Amino acid sequence: MGEMLDLVRKRRSVRTYDGRPLSEEDMATIRSFAKMADNPFGLPMEFRFLKGKENGLNCPVVVGTDLYLGAKMKRVPEFEEAYGYSFEKLIMFLESLNIGTVWVGGTMNRDAFEKAIELAEDEVMPCMTPLGYTADQMALREKMMRKGVKADKRKDFSELFFCGDFDSPLTDEKAAELGWELGDALEMVQWAPSAVNKQPWRLVFEEGKVHFFEKQDKGYVNHATGDLQRIDVGIAMYHFEMAMEEIGTEITWVKEKPEILLPEHVIYVATATK
Ligand SMILES: Cc1cc2nc3c(=O)[nH]c(=O)nc-3n(C[C@H](O)[C@H](O)[C@H](O)COP(=O)(O)O)c2cc1C
């Protein structure tokens with residue numbers, strides 16, 4: 001198992017923090033990394049530390065920290081995959097520093113957060129994360145929440161990864177025939193975080209290409225967040241690219257929608273080429 005997969009397996013959403021404020025050193029490290037958390041779409045994103053009490057911020061699922069990290073960007077077409085990619089890059093970096101995070105798109109007093117981050121008319125702040133050090137024990141409400149969304153489980157590969165079309169699940173043999181050496185890529189995608197743990201990413205492999213799709217559920221698109229499940233796909237794209245980078249395969253992202261029959265509620269997002 002590669003180092004990146006270790007990190008992906010170690011990460012979980014943290015909603016119970018131990019109350020210690022983040023050290024100045026950690027804040028400085030985060031500040032400088034955030035400036036480099038770019039994405040393949042070249043869409044800039046701005047991260048800001050937000051203090052809870054000072055701004056009247058409230059995230060009812062979280063206990064033990066008063067610090068949040070918000071991120072906003074221009075509302076341009078398909079901003080969601082860029083947002084998912086860049087924000088997850090930061091989340092994984094924070095994991096490597098042993099700083100607890102949880103993607104939060106719903107459970108917050110959004111008006112206060114948007115005011116605190118000074119959101120402009122043409123900007124969007126789909127999500128934020130609390131920041132702090134993970135408590136030894138989860139609060140009861142966190143345990144209940146994890147149980148509610150089956151947070152420790154993920155879908156089988158056969159539901160997520162396909163070969164050529166949506167009728168043919170990917171097998172090791174088929175991946176090899178198509179010239180894909182995958183390292184830990186499938187597991188890294190499988191264990192990505194997603195809103196309500198819906199895991200909406202679907203990947204169709206072809207020779208030299210992997211098409212990323214979103215399987216849409218009802219209720220995840222609104223003005224304030226855009227399409228949260230498209231953000232999930234951006235997260236999965238980052239995980240895939242990390243895995244490929246680890247085995248020395250450079251990925252380029254293109255728009256190359258394949259001419260294949262799509263199941264209901266499945267939409268195309270982007271294609272990885274090598
Ligand atoms: C885009 C996005 C939005 C999310 N919004 C919330 C939220 O509003 N509140 C919350 O408690 N968790 C939220 N989560 C966290 C998910 O519930 C969590 O990632 C999922 O259940 C899997 O659990 P894990 O992160 O511990 O692996 C969100 C995750 C993502 C990716």
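At-a-glance table
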item	result
Residue pairs meeting the criteria (Cβ under 6 Å; at least 6 apart or on separate chains; first at positive phi, in segment 47-60; second within 16 Å of the ligand (Cβ to nearest atom))	Gly56/Ala112
Looking only at segment 223-238, and only at residues there that are β-branched (Val, Ile, Thr) and near the ligand (Cβ under 9 Å from one of its atoms), the one that is surrounded by the most Cβ atoms within 10 Å (Cβ to Cβ)	Ile231
Residues of segment 196-247 satisfying the condition of being farther than 21 Å from Ser158 by Cα and within 15 Å of the chain's Cα centre (by Cα)	Tyr220, Thr225, Gly226, Asp227, Leu228, Ile231, Met242
Residue list for segment 32-66, restricted to those being among the charged types (D, E, K, R) and touching a helix residue (DSSP H, G or I) at 6+ places or on another chain (Cβ under 9 Å)	Asp38, Glu46, Arg48, Lys51, Glu54, Asp66
Of residues in segment 145-157 being surrounded by 11 or more Cβ atoms within 10 Å (Cβ to Cβ) and more than 11 Å from the ligand (Cβ to nearest atom), the one farthest from Gly19 (Cα to Cα)	Phe157
Pick from segment 176-195, criterion surrounded by fewer than 18 Cβ atoms within 10 Å (Cβ to Cβ) and part of a helix (DSSP H, G or I), ranking: nearest to the ligand (Cβ to nearest atom)	Ala176
Some residue of segment 11-18 being on the phi < 0 side of the Ramachandran plot, within 16 Å of the ligand (Cβ to nearest atom) and surrounded by fewer than 16 Cβ atoms within 10 Å (Cβ to Cβ)	no
Some residue of segment 105-113 being in contact with a strand residue (DSSP E or B) (Cβ under 8 Å, 6 or more places away or on another chain) and in a helix (DSSP H, G or I)	yes
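Every number here is computed from the coordinates shown, using simple stated rules; none is lab data. Given the structure is predicted, the values throughout are model-derived calculations rather than measurements. FYI the Cβ positions are ideal-geometry reconstructions off the backbone, even for glycines, and counts take in every protein chain you see.
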